[in-house]
Every structure is written in structure tokens, then in C-alpha cells.
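The values are calculated or read from the model by the stated rules, or taken from the named source; none is laboratory data. From a predicted model like this one, the values you see are computed outputs, not experimental measurements. For neighbour counting, all protein chains shown are included, and Cβ atoms are generated from backbone atoms with ideal geometry for every residue, glycine included.
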Amino acid sequence: MTSNHNIGEIIKSLRLSKKMTLKELSEQTELSIGFLSQVERGLTALAITSLEKIANALNVDLSYFFPIKKTGHNSVMRSYEREVFQIQNNRFITYHLTHDVENKNMLPRLMEILPSKENEEIIQYQHDGEEFVYVLEGVFTLILNNEKQDLYPGDCVHFDSRIIHNWANYTNKTVKVLAMNYPNEYKKRAIDEE
């Protein structure tokens, strides 16, 4: 995982590259100058909501603060090597479960889904391929072809990704799932960019 110190360094470097003072960042985020100074020096932890305010003020996505380290093509990934890959909509925290994202056909991920409100609109989408999801913790709500189904730890689903779908967590606890996608969208991007 990225440490408080590393995130602080990234924030400071980005702020300085944008020629922004701590006072200006403080005004845009409504976080105190003293707190921001401690964050930049790695002296205090930062809640995801505060990091989101900083990301918005610096005009970057939250995932900017969690860089991916290339660790070679080792097949084994230890639990302590797993790093945040992406945070979407402040609800989905994604960890890749492979060191070799660009060269594999299948994409294994661990996802943490933070709580959302029952009345919050969940937009369904579709794409090529297929998905497999195994519920590790919590109550996972799957919306598949406009039908909601709750899945519990030990439950799983395997479906064609061309069917409209999305996921949600309508509880007050974090949901953890193991998700597999085929094909691996990051391998496709690497091929397309060549």
C-alpha cells in the first residue's frame, strides 16, 4: 500500500508543479493549512473524503495518488505487495491481483465496495467479454439486466458482460469481492497503443 508519507510527497509535488500555495489549496479544500502541511510531510493520515477534496482542487483523479509499481513478472503476489489500483466514484476500491496486468488474458481483482444509498441511481453498462464475481464479505447487490439480486459470502455469479449490469452495496458495511474479467481490458489497451 502507498504510505501516508508517499501520498504527502505526491500531493506536495503536484501542488508545487501547479504553482499553488498551501493557502490556496486550503481555501479550495476547506482543510486547514496546518493539516495540509502535516499531510505533505507524512505526519498524519488522510481520510478518503479529504483526499478526494485535494484531488479535485489539483484537478486529478484519486488514483493519481496510488501509482502502480512494476515489480517484474513474478507469478506470486504476496498480500503485502497488493496496492490500490483505482478508486471510482468514491465507492469502488480496486486492487489488481497480478504483477503482469499488461500480458495476461484474464484480469483478477479484489474490490472493496463502500456503502451507497438505496435511492442512489445506479447506471448499468455493458461491454465485451465475461465476468466472474465471488463474494468474500458483506451483502453484494448485483443489478443484471434490470434485476437486483443480493449475493452473500460464498455466493458467486458468472455472466456475459454484454448484458447490462452494475454492482452496489446498500448496507452500512464494506463489501469485498473477488472479480475476474475476460478479456483483460488493460492488455487490449497495450496492444491498441502499439
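Among all residues of the stretch 125-148, there is none that is touching a residue at least 60 places away in the same chain (Cβ under 8 Å) and of a type outside the set (Phe, Trp, Tyr). In the stretch 77-99, the residues that are in contact (Cβ under 8 Å) with a residue 60 or more places away in the chain form Cβ pairs under 8 Å with partners that are of a type in the set (Ser, Thr, Tyr) and part of a loop (DSSP other than H, G, I, E, B), at six or more places apart or across chains, as follows: 83/2; 84/2; 91/116.
Looking at 76, 60, just one residue is among the aliphatic types (A, V, I, L, M), loosely packed, with under 13 Cβ neighbours inside 10 Å and at pLDDT 80 or above, and that residue is 76.
Residue check: is residue 35 out of contact with any strand residue (DSSP E or B) (no Cβ under 8 Å at 6 or more places or on another chain), under 28 Å from residue 166 (Cβ atoms) and not polar (S, T, N, Q)? Answer is no for this residue.
Checking each residue in the stretch 16-47 for being surrounded by 12 or more Cβ atoms within 10 Å (Cβ to Cβ) and either assigned by TED's automatic domain parsing to the domain that holds residue 86 or under 26 Å from residue 91 (Cβ atoms) (or both) picks out 25, 28, 29, 31, 35, 36, 39, 44, 46. Mind checking which residues of the stretch 168-189 are out of contact with any strand residue (DSSP E or B) (no Cβ under 6 Å at 6 or more places or on another chain) and among the aromatic types (Phe, Trp, Tyr)? Correct list: 186 only. On inspection, residue 145 qualifies as surrounded by fewer than 12 Cβ atoms within 10 Å (Cβ to Cβ), assigned by TED's automatic domain parsing to the domain that holds residue 89, on the phi > 0 side of the Ramachandran plot and out of contact with any Pro (no Cβ under 8 Å at 6 or more places or on another chain).
For the condition touching a Phe, Trp or Tyr at 6+ places or on another chain (Cβ under 8 Å) and in contact (Cβ under 8 Å) with a residue 60 or more places away in the chain, what is the one hit in 166, 184, 105?
Only one candidate passes the filter, namely 105.
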